[in-house]
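Down below is the structure, laid out as structure tokens.
Nothing in this text is a laboratory measurement; each read-out follows from the coordinates by a stated rule. Keep in mind that this is a model prediction, so the values were computed, not measured. Quick reminder, even Gly has a Cβ in these numbers, built from the backbone with ideal geometry, and neighbours come from all protein chains shown.
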Amino acid sequence: TAFWAVSLTSFSGFTKATFTVLQCEQLPTDPPMHVLVHAGGVECYKHWFQFVALAACVPVCVAFPFAVLYFATRARSFPVSSTILRVCYRPECGAFEATLMFRRLLIIAVATFALDPLVNAMLLFLACFALALSHLLVRPFRAPVCNLIEAVSLCALVAIAACNLHDATTLMDRIRAGRHWVRAIESALVLLMVRALPVLACEPSPKLAL
């Protein structure tokens, strides 16, 4: 119990720290040089901690969601772990804890490695929108109040991502010609979310098998 409690709560922080150590950008020098985004004086892949992150930490980050999925679906072999990982979810969504881990891994990877402001904002907006919409369709938690809280949280992320996308399209002078279609996509998805939220919230709990 303690192992899963610590692992599940620390996964996001561990993954973010690992990816930040590997977050590099190219400087316009001759010859080109790659340095850490958060430590411009440190050249990339010249120090031991980055090799440790690549060899040990990254495999752990990628493998952890699969481990959660494995233990959650092996009730006969690991009854205690399976019960812990499935207790909050409806029977047909018992392995949804692994989906949450994959979701965090995706968001952190996009936020860390998509260095272009417009690409970063667009990908995060699309990811948050897709995750919020999928939650409204599935509603995996046993308790309706938990589904409501999660839906509000994800919709808040969509709103924040929409604001970031709006700022990115405004500040990026190089995409003036394409700014209008970006904002059109953003507006259409936000409108779809606003219309879908009350409809999906009023529907009975779905019986989808995951």
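Farthest towards the positive end of the charge dipole of the stretch 31-145, among the residues MET33, VAL80, ALA56, is the Cα of VAL80, using unit charges on the Cβ of Lys, Arg, Asp and Glu. In this structure the amide hydrogen of TYR89, modeled in the peptide plane, comes within under 5 Å of the amide hydrogens of ARG142, none closer than 5 places in sequence on its chain.
Each 5 Å bin from 0 upward holds the following percent of the Cα-Cα pairs of the stretch 71-135: 3, 17, 20, 17, 13, 11, 10, 6, 2, 0. All Cα-Cα separations within the stretch 1-49 were binned at 10 Å from zero, giving a P(r) of 24, 37, 20, 14, 5, 1, each value a whole percent of the pairs. Amide H contacts for VAL42 (H built 1.01 Å from N in the peptide plane; partners 5 or more residues away or on another chain; cut-off under 5 Å): LEU36.
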